[in-house]
Amino acid sequence: MINRKHQKGTMESQRNRRKQNKEKKGGLLIFFIIGIIGTIGGFVFNAMLNKQDIDEATNCPTDGVNYHKVILIDTSQSYNPIQKKWIKNQLKKIVYGTKENEKISIYTVGANYHETLLPLQSKCNPGDASGVNPFLENKRMKQEDWENEFIKPLNSVFKGLLDNDSEGLSPIMEMVQAISIAAFQNEKTSTKRKLFIFSDMIQNSEVASHYKDSINFQEFKDSPMYLKVRTDLTGVTVRVLYIRRFGHEKIQKGTAHAKFWQEYFNSMGAAGFSIKFGEG
């Protein structure tokens, strides 16, 4: 009789312990789920708190960008296949080296420079799928947006410019002035700015012509035409991607031509100047 009571008490004690263990595990599971929900909620809240207002046309933050790259492509002369390939490689490096929310604007050197100060294209990088938080965004859709809203529009303009017929006039100085006024001087002072110029750098307009005039910067600076194209490039870094032209060796030989442009941009207050000589 005593043994039966003892067995019954033992079994009841075991059932109670099992029940307590289940309740404890259930409590831990609920606590774990609440923790996950809280973590996800924190991510979502922070994302909403830090979300920027974006301009739909450019993909750029409405309160300005931290880095603005302007690409100026000279279409006054046509390019041979090797030169085109080299230029495309350099453009790809610039585009793919642009970080999220950084801006690229494209301008061209042509005879109709005075008709518009608007870029042919201006886009901010919306970011690719590499930095996507899977709790907040769809990775596939993010990659598609990056390609459709950033890469493809820029590549379309590049292709059109490089396949374009030559125009003869090459108002490089006038376009630099236009870009300074229309693009760089509108940016907030903290914005990093860089100008990339793809050109043979042979200025040819009513302001100056390297085909006829002396390639001496001081002489040009002392002329009335200098004041006509003078502009403010304070804080702008200039990178020239220099294309050599067959038949124009007299202008481009040696260092005089590159020195002219270095002194020109220095006189405009540029923060830095560098030159890379192309192939082809």
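The values are calculated or read from the model by the stated rules, or taken from the named source; none is laboratory data. Predicted, not measured: the structure shown is a model, and the values here were computed from it. Reconstructed Cβ throughout: ideal geometry from the backbone, glycine too, with neighbour counts over all protein chains shown.
Among residues belonging to segment 189-226 that are basic (K, R) and within 20 Å of the chain's Cα centre (by Cα), point out the one that is surrounded by the most Cβ atoms within 10 Å (Cβ to Cβ).
Once the filter is applied, the top-ranked residue is R193.
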From N186, N148, residue being surrounded by fewer than 18 Cβ atoms within 10 Å (Cβ to Cβ) and either over 30 Å from the mean Cα position of the chain (by Cα) or assigned to a helix (DSSP H, G or I) (or both): N148
Within segment 56-78, considering residues that are part of a loop (DSSP other than H, G, I, E, B) and among the hydroxyl-bearing types (S, T, Y), the one farthest from Y107 (Cα to Cα): T62
Unique residue being out of contact with any Gly (no Cβ under 6 Å at 6 or more places or on another chain), within 20 Å of V176 (Cα to Cα), basic (K, R) and modelled with pLDDT of 95 or more when the list is K85, K103: K103
Selection status of S122, small (G, A, S), buried (at least 17 other Cβ atoms within 10 Å of the Cβ) and within 22 Å of the chain's Cα centre (by Cα): yes
Residue in segment 227-239 that is surrounded by 14 or more Cβ atoms within 10 Å (Cβ to Cβ), in the same structural domain as G168 (by TED's automatic domain parsing), more than 20 Å from S199 (Cβ to Cβ) and of a type in the set (D, E) present: yes
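Report, by residue number, each residue of segment 189-241 that is among the basic types (K, R), touching a residue at least 40 places away in the same chain (Cβ under 8 Å) and not in a helix (DSSP H, G or I).
Residues satisfying the conditions are K192, R193, K194, R230, R239.
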Any hit, segment 102-114, residues being surrounded by 14 or more Cβ atoms within 10 Å (Cβ to Cβ), in a helix (DSSP H, G or I) and not aliphatic (A, V, I, L, M): yes
Selected residue (criterion: nearest to the chain's Cα centre (by Cα)) from residues of segment 242-273 that are of a type in the set (K, R) and not in a loop (DSSP other than H, G, I, E, B): K259
Pick from segment 164-183, criterion farther than 19 Å from R239 by Cβ and not aliphatic (A, V, I, L, M), ranking: surrounded by the fewest Cβ atoms within 10 Å (Cβ to Cβ): D165
Among residues of segment 85-108, those that are under 10 Å from the mean Cα position of the chain (by Cα) and hydroxyl-bearing (S, T, Y), counted: 3
Residues of segment 79-97 that turn out to be touching a residue at least 12 places away in the same chain (Cβ under 8 Å) and assigned to a loop (DSSP other than H, G, I, E, B), as a count: 2
Output for segment 265-280, where each listed residue is touching a residue at least 12 places away in the same chain (Cβ under 8 Å) and in contact with a strand residue (DSSP E or B) (Cβ under 9 Å, 6 or more places away or on another chain): F265, M268, G269, A270, A271, G272, F273, S274, I275, K276, F277, G278
Check on L161, surrounded by fewer than 17 Cβ atoms within 10 Å (Cβ to Cβ) and of a type in the set (A, V, I, L, M): no
